[in-house]
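To start, the structure itself, in structure tokens.
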Amino acid sequence: MLLLYESALEVIKTKINVLNKEFVLRCGYTPIEHIKSRIKSPKSIVRKMNINHREPSIANVVRYINDIAGIRITCSFTTDIYTIAELIASQNDVKVLKVKDYIAHPKENGYMSYHMIVSVPVYLSQQVVYTKVEIQIRTIAMDFWASLEHKMYYKFDGKAPEHIRRELKECADITAFLDRKMLALNEEIQNYREPEYMPDLDEESYEEKTIEEVFGVIIEEEQIRENGDGEDKKVN
């Protein structure tokens, strides 16, 4: 069973690396900062089955636990999250089983991330087995927050003091604000254009100078014509 999940992780990682390289060639930058993957230990699997009050048989584990194989993709911006999720889902041999968008709809404690449960084919010598993988996609700021929340959960066994939970929720709000600001700043940088050169004059003096120059030329040409005979006689 664990061989299948380890193989499924390798399949997903290969797909993501290929997509990322193609994205660099097409768009000139990488949307992925880093990737982490892990396989749940047998001890963790049994613990989760006990929490859910299910018999820890192989059949139940395969059916009810979706995150034995897990991969986390960390991006710079929230727009990259949805781009990557769409690219993964568009693969012909990837079956999307479930999606939870905790960015559009954060958890009550402030947790934000984009979760996908997918199944991918693992080609064995005599058969092909579709195996589930959980994919989490989040920004750097979201990942930083989630890391602290994870430590807090295990430190207090899910029963943290109220003031700590309240401050952590405030941090989640700050994280969401930071992601929005960074995305807006990045878009401004990408769309930035150098301003056109203008003389170092305020608007009024520039207009006055231009008008004087234009009318000066017109008046001078008319006075030259009035003097006649094709002679250039300058009139002050």
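The values are calculated or read from the model by the stated rules, or taken from the named source; none is laboratory data. Everything numeric here is computed off the predicted structure, so don't read it as measured data. A quick note on method: Cβ atoms are made from the backbone with ideal geometry, for glycine too, and the neighbour counts reach across all protein chains shown. Note: accessible area is taken over every heavy atom of the protein model, side chains too, but ligands, DNA and RNA are not part of it. Shrake-Rupley method; radii C 1.70, N 1.55, O 1.52, S 1.80 Å.
Residues Ala104, Ala176, Ala146: which one is touching a residue at least 12 places away in the same chain (Cβ under 8 Å), farther than 22 Å from Arg38 by Cα and not charged (D, E, K, R)?
Ala176
Got a number for residues in the range 1-32 being in contact (Cβ under 8 Å) with a residue 60 or more places away in the chain and open to solvent by 90 Å² or more (accessible area, probe 1.4 Å)?
Count: 1.
Of the residues Ile58, Ile35, Ile65, which is within 23 Å of Leu4 (Cβ to Cβ), open to solvent by 80 Å² or more (accessible area, probe 1.4 Å) and of a type outside the set (Asp, Glu)?
Just one listed residue meets the conditions, Ile58.
Return the residues of the range 122-141 that are without any contact (Cβ under 8 Å) to a residue 60 or more places away in the chain and open to solvent by less than 30 Å² (accessible area, probe 1.4 Å); say none if nothing qualifies.
Hit for the range 122-141 is Ala141, nothing else.
From the list Glu33, Glu55, which one is assigned to a loop (DSSP other than H, G, I, E, B) and in contact with a helix residue (DSSP H, G or I) (Cβ under 8 Å, 6 or more places away or on another chain)?
Glu55
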